[in-house]
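This report refers to the structure that appears directly beneath it.
The values are calculated or read from the model by the stated rules, or taken from the named source; none is laboratory data. Just so you know, these numbers come straight off a predicted model, no measurement behind them. Methodologically, a virtual Cβ is constructed for each residue, glycine included, from the backbone with ideal geometry; neighbour enumeration extends over all protein chains shown.
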Amino acid sequence: MGCAQWLRDPHGPLHIRKTYLPRALPWLLRFMAETRLARVRHNAAALQALNRHCVDSLMPLVRWAGVEDLIRVPGQLYLYIKRESYEGDRLVNELRVASGESYDVLNKDEIRDLEPNLAPIFEVALRVHGNGHCRNPYRLSQALAERIAREGGQILRAEVNGLEVADGKIAAVRTDRGTIAPRAVVIASGMWLRTLAKLLGHHVPLESQRGYHVTIADPGAVPRNMLMVLDKKIAITPMETGVRIAGTVELAGLDALPNYERAEIFLGIGKTILPGLRTETHSEWMGHRPCLPDSLPVIGRAPNIANAFFAFGHGHLELLGAAPTDRVIAQIVTGQAPMIDLAPYRIDWF
C-alpha cells in the first residue's frame with residue numbers, strides 16, 4: 001500500500017491533519033526530494049555508519065548504570081503477511097546486505113516454531129541477527145541520571161531563553177533559573193531545538209512525526225522477540241511493563257492535542273497478530289519524533305561557534321542513535337578525532 005492509500009485510510013500508518021497540511025508541505029517537498037535513489041543510498045550508508053556503533057557504545061553506559069537487564073539482543077523478526085510485500089521491499093533488503101546486516105529468510109513453519117503465539121498469517125519473515133531492544137527506556141534514563149548525580153554531576157531542570165555569543169563562543173546561557181557561563185554547550189533539545197538554532201543563525205527544517213503506542217500491562221500472549229510487522233508498519237515489543245505496540249506517523253505539529261484513537265487502533269491489530277492478547281489493561285502515549293527531510297541527525301560543531309555542538313534529529317531511531325552520538329560528541333568536545341566522518345550530519349547541509 002502506498003502513501004496516497006494510507007492517507008485515505010483512517011486506520012492507516014500515515015495521517016496528516018488537514019489544518020496542518022499547509023505548514024507541513026514545504027517539509028514534505030524536501031522529504032520527497034530525498035527519495036531519489038542516489039540520496040536514499042547515501043542517507044542509508046550514513047545512518048549505518050553511525051548506528052552500527054550502537055551496542056558497543058551503549059553497553060558500557062548500561063553496565064556503568066547497573067541496568068544490564070534492560071537490554072536484550074536476541075535479534076528481531078521482520079514479518080510479512082503477504083509475500084508480495086516482502087518482494088516489494090527488494091531495495092530495503094539490498095541496503096541491508098550492503099550494510100553488512102546478517103539475516104535469515106523464514107517460511108511459515110519456521111515463523112511458527114520461533115513465535116508460537118503468532119497467528120498463522122505470515123508468509124515470510126526476516127530474522128535479523130544482532131538487533132535488540134530496551135525493555136524500559138524510562139528506567140534506563142533514570143538509572144543513568146542517578147549514576148551521573150552520584151559521580152558528582154549536576155542535573156539542572158531549567159528553561160533556556162537566551163544564548164549570549166561573544167568572540168565566536170557562547171559566553172552565557174540564560175535560563176529561568178539564572179545565567180550559566182559554559183565551557184561547552186551541546187544543543188540536544190529535540191523538537192524544541194529550532195528556537196535555539198535560530199539564535200546561532202541556523203534555520204532548521206525540523207518536523208515532528210508524532211508517534212503513538214499502547215502498552216498492555218497484562219497481555220497474556222507475549223512474543224519472544226521484537227516484531228516489526230511490515231504490512232501494518234507497527235512494532236510489537238516485549239517490555240518490562242508488558243507488551244508495547246507502536247507505530248504510525250501523524251503530522252500535526254507541536255501544539256495539537258493527541259488523538260488517542262490513533263493508539264487504540266493498535267489494540268485490534270494486536271489481537272489479529274497475537275490472538276491470545278488481553279487488551280483490557282492498557283495505557284496510551286504520544287511523543288514527538290524530531291525528523292529532518294533526509295532522515296539523518298545533525299551531529300557536530302556549530303559553524304563559527306567554537307564551543308557549541310549539535311546533536312539532534314534522530315527521528316524514529318532516537319535510542320538507537322543516542323549512545324553513538326553521545327560518544328562522538330564527547331570525542332569532539334574533548335579534542336579527539338571522531339570515530340566516524342561527520343560530513344553527512346552537518347547542520348549547514350540545509
- Message: If Leu58 satisfies all but one of (1) assigned to a loop (DSSP other than H, G, I, E, B); (2) under 18 Å from the mean Cα position of the chain (by Cα), what's the number of the condition it fails?
- Response: (1)
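A quick yes/no check of all residues on (1) at pLDDT 95 or above; (2) closer than 22 Å to Leu320 by Cα; (3) touching a Cys at 6+ places or on another chain (Cβ under 7 Å); (4) not in a helix (DSSP H, G or I):
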site: Met1; (1), (2), (3), (4): no, no, no, yes
site: Ala4; (1), (2), (3), (4): no, no, no, no
site: His15; (1), (2), (3), (4): no, no, no, yes
site: Arg23; (1), (2), (3), (4): yes, no, no, no
site: Leu29; (1), (2), (3), (4): yes, no, no, no
- Task: Please tell me if Val173 is touching a strand residue (DSSP E or B) at 6+ places or on another chain (Cβ under 6 Å) and over 30 Å from Tyr20 (Cα atoms).
- Result: yes
- Message: Step by step: first the residues of region 184-208, then only those that are in a strand (DSSP E or B) and out of contact with any His (no Cβ under 8 Å at 6 or more places or on another chain), then the one that is nearest to Lys169 (Cα to Cα). Which residue is that?
- Response: Val185
- Note on the structure: Taking region 31-61 and keeping residues in contact with a strand residue (DSSP E or B) (Cβ under 9 Å, 6 or more places away or on another chain) and under 18 Å from Val204 (Cβ atoms) leaves Phe31
- Task: Please determine, by comparing only the residues of region 62-77 that are touching a strand residue (DSSP E or B) at 6+ places or on another chain (Cβ under 9 Å) and at pLDDT 95 or above, which one is surrounded by the most Cβ atoms within 10 Å (Cβ to Cβ).
- Result: Leu77
- Item | Number of the condition not met by Val128 [criteria: (1) farther than 30 Å from Leu267 by Cβ; (2) of a type in the set (Val, Ile, Thr); (3) at pLDDT below 95] | (1)
- Query: Hey, Lys108 hits all of (1) closer than 25 Å to Gly315 by Cα; (2) in contact with an Asp or Glu (Cβ under 7 Å, 6 or more places away or on another chain); (3) assigned by TED's automatic domain parsing to the domain that holds Val229; (4) surrounded by fewer than 17 Cβ atoms within 10 Å (Cβ to Cβ) but one; which does it fall short on?
  - Reply: (1)
- What tally of residues in region 128-151 results from selecting those that are without any contact (Cβ under 8 Å) to a residue 60 or more places away in the chain and not in a helix (DSSP H, G or I)? 3
- Condition met for Gly88 (closer than 24 Å to Ile236 by Cβ, in the same structural domain as Asp231 (by TED's automatic domain parsing) and crowded, with 17+ Cβ neighbours inside 10 Å): no
- Message: I'd like to check something: does region 246-253 contain any residue that is outside the structural domain of Trp27 (by TED's automatic domain parsing), assigned to a loop (DSSP other than H, G, I, E, B) and hydrophobic (A, V, I, L, M, F, W, C)?
- Response: no
- Task: Mind counting the residues in region 309-325 that are more than 15 Å from the chain's Cα centre (by Cα) and either over 22 Å from Gly168 (Cα atoms) or surrounded by fewer than 23 Cβ atoms within 10 Å (Cβ to Cβ) (or both)?
- Result: 1
- Does any residue of region 250-261 turn out to be among the polar types (S, T, N, Q) and crowded, with 21+ Cβ neighbours inside 10 Å? no
